Amino acid sequence: MRCGVLALQGDWEAHARVLERAGSETIAVRTPEDLEASDALVLPGGESTVVLRLLEREGWMDRLTRRLAAGLPVLATCAGVILLARDVTPPQASFGVLDIAVRRNAYGRQVASAIVPVRLAAGFEGPPTMEGVFIRAPRIERVGPDVDVLGWRGDAPALVRQGRIVAATFHPEMTPDDRVHRYFLHVAGGLS
Amino acid sequence: MMNFDDPKFRVKVGLAEMLKGGVIMDVTTADQAKIAEDAGAAAVMALERVPADIRAEGGVARMSPVEKIREIQEAVSIPVMAKCRIGHIAEARILEALEVDFIDESEVLTPADEENHVDKHRFTVPFVCGCRNLGEALRRIGEGAALIRTKGEAGSGNIVEAVRHLRTVQRQIKTLTILDEHELMAEAKELQAPYELVCWVAEHGTLPVPNFAAGGVATPADAMLCMMLGAESVFVGSGIFKSSDPATRAGAIVGAVTHWQDPHKVAELSVGLGEPMSGLDIAKLTPDEMLSRRGW
């Protein structure tokens, strides 16, 4: 399985490093053609408005929409979650394939960014929490019936799964703990 | 000794990581900030006058007026940065109170302290600082900067100084990686940089924080050049709003930073941009006119 990492803007290199360490073949996805060569996709952290502008301007929308509808496995972190969410506040265009409502910059500006423990659902091996790096982070305010919550920041869902989509409002790529990436590779079918 | 594992520092560097592969644009009004955001800016830098105007008009250049910063924060959802004068710890505290997302302790403004920079460890808000060489970069990181940018020559529309600074930093990093460990203290003395940071760079072959480029970017090709020389993002000051068609040029520079490895794409992006800002011949500037000489 070849895992693409959307490399338009943001901390995509950090994701690529974790995936490679976990034993996955990884490619940087800079064009819609690169997307065709990917069996799974990571939507990294960065600025969601920037990535959205580039996707729109460079003719990605139809192709990515089709791949998502066809069940492309996706790991989305922070800005990536906003791109997939059904409902976004303040409003911004999104693919809407993940049945959650998300509030952008919900905790405030950078002075409110923090490293906070994320409590994991039963089923993850290892410690019951993992380090959650929240940078100008969004907050999930509603989850649909098909969405499983796998991690919490306080009472708010911070790690969720719907089918083959795994989404974290924090940055697992910025810690040595690679359980989220390994879980995603397992869900996507690339790691037994 | 600096502790890069300190959560407070990691969160600061975390935002810098999120800005990678993006363009940070100088803006002076809410309208300009909207144009920048719509064009795909990863962040905006709020300031009173763009560097080209500071250079032309002279006088003391200070932190942007508070109402301007607030107006810009209201107008956009992307991070808002603002500049304080070198060593002006009060402007820095006020910008932090305004909850700007990043402070640029910048040589573009008139220095407030000719000896000392701000002790950036004491702040919750992250700082970016300029450098001309590795020693300067490591002194700023030693003071707590979470992001480094080359100084270039702001407001000149001329990329030559940014290239000089990028190449110098990269060459000095490479040099450290091939030195014997017994040579590192002498090299730290030479660079005038903290010894522990010199050792860190020698071991890792990179700076401990992201390294962006700034100062003189006027075209998509200039931005592409900075990326080719190892910059991880680009700051554009006067180059956008001193050009004839800011929105189009801004979008093209964003595309060039994303696709810097694809010259065909950057060629297409460079079509129909109108006139760039006019540039200055650096050789004709007097030392006093060189903004990059401010700070140490």
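The values are calculated or read from the model by the stated rules, or taken from the named source; none is laboratory data. Values in this document were obtained by computation on a predicted structure and should not be read as measured data. FYI the Cβ positions are ideal-geometry reconstructions off the backbone, even for glycines, and counts take in every protein chain you see.
Criterion first (farther than 25 Å from A:R66 by Cβ, in contact with a strand residue (DSSP E or B) (Cβ under 6 Å, 6 or more places away or on another chain) and assigned to a loop (DSSP other than H, G, I, E, B)) does A:A106 satisfy it?
yes
Please go through region B:176-208 and give me each residue that is touching a residue at least 12 places away in the same chain (Cβ under 8 Å) and loosely packed, with under 12 Cβ neighbours inside 10 Å, ordered by number.
Of everything in region B:176-208, those that are touching a residue at least 12 places away in the same chain (Cβ under 8 Å) and loosely packed, with under 12 Cβ neighbours inside 10 Å turn out to be B:E181, B:G205.
Select from region B:1-42 the residues that are in contact with an Asp or Glu (Cβ under 6 Å, 6 or more places away or on another chain) and acidic (D, E) and list them in ascending order.
B:E17
For the subset of region A:7-27 comprising residues that are free of Cβ contacts under 8 Å to residues at least 60 places away in the same chain and touching a helix residue (DSSP H, G or I) at 6+ places or on another chain (Cβ under 7 Å), which member is farthest from the other protein chains (Cβ to nearest Cβ)?
Among residues in region A:7-27 that are free of Cβ contacts under 8 Å to residues at least 60 places away in the same chain and touching a helix residue (DSSP H, G or I) at 6+ places or on another chain (Cβ under 7 Å), the one farthest from the other protein chains (Cβ to nearest Cβ) is A:T26.
If you go through region B:88-99 one residue at a time, do you hit one that is more than 12 Å from chain A (Cβ to nearest Cβ), among the hydrophobic types (A, V, I, L, M, F, W, C) and in contact with a Cys (Cβ under 6 Å, 6 or more places away or on another chain)?
The answer is yes, given that some residue of region B:88-99 is more than 12 Å from chain A (Cβ to nearest Cβ), among the hydrophobic types (A, V, I, L, M, F, W, C) and in contact with a Cys (Cβ under 6 Å, 6 or more places away or on another chain).
Kindly provide the set of residues from region B:1-25 that are more than 17 Å from A:A112 (Cβ to Cβ), more than 9 Å from every other protein chain (Cβ to nearest Cβ) and either in contact with a Leu (Cβ under 6 Å, 6 or more places away or on another chain) or not in a strand (DSSP E or B) (or both), ordered by number.
Residues satisfying the conditions are B:M1, B:M2, B:N3, B:F4, B:D5, B:D6.
Does A:L64 qualify as being touching a helix residue (DSSP H, G or I) at 6+ places or on another chain (Cβ under 9 Å), more than 13 Å from every other protein chain (Cβ to nearest Cβ) and in contact (Cβ under 8 Å) with a residue 12 or more places away in the chain?
Answer is yes for this residue.
Inside region B:204-296, counting only helices (runs of 4 or more DSSP H) that do not spill past its ends, which hold 1 or more residues that are over 20 Å from the mean Cα position of the chain (by Cα) and among the basic types (K, R)?
B:263-269
For the structure I just gave you, tell me whether A:A14 is closer than 30 Å to B:V80 by Cβ, small (G, A, S) and outside any helix (DSSP H, G or I).
no
If B:P111 passes every condition in (1) at pLDDT 95 or above; (2) over 15 Å from B:K12 (Cα atoms); (3) within 14 Å of the chain's Cα centre (by Cα) but one, which one does it miss?
(3)
Could you tell me how many of the residues in region B:38-84 are outside any loop (DSSP other than H, G, I, E, B), away from chain A (no Cβ under 14 Å) and in contact with a helix residue (DSSP H, G or I) (Cβ under 6 Å, 6 or more places away or on another chain)?
The number of residues fulfilling the criteria is 4.
Looking at B:R122, B:R149, B:R164, can you tell me which residue is of a type in the set (K, R) and more than 28 Å from B:E289 (Cβ to Cβ)?
B:R122
What are the pairs with Cβ atoms under 6 angstrom where one residue, in region B:134-145, is within 15 Å of B:A92 (Cα to Cα) and the other, located anywhere, is assigned to a helix (DSSP H, G or I) and not aliphatic (A, V, I, L, M)? Sequence gap at least six, or different chains.
Taking only residues 6 or more apart or on different chains, the pairs are B:E143/B:K120; B:G144/B:K120; B:G144/B:H121; B:A145/B:K120.
Condition first: away from every other protein chain (no Cβ under 14 Å) and crowded, with 24+ Cβ neighbours inside 10 Å. Can you find one or more residues in region A:147-154 that meet it?
yes
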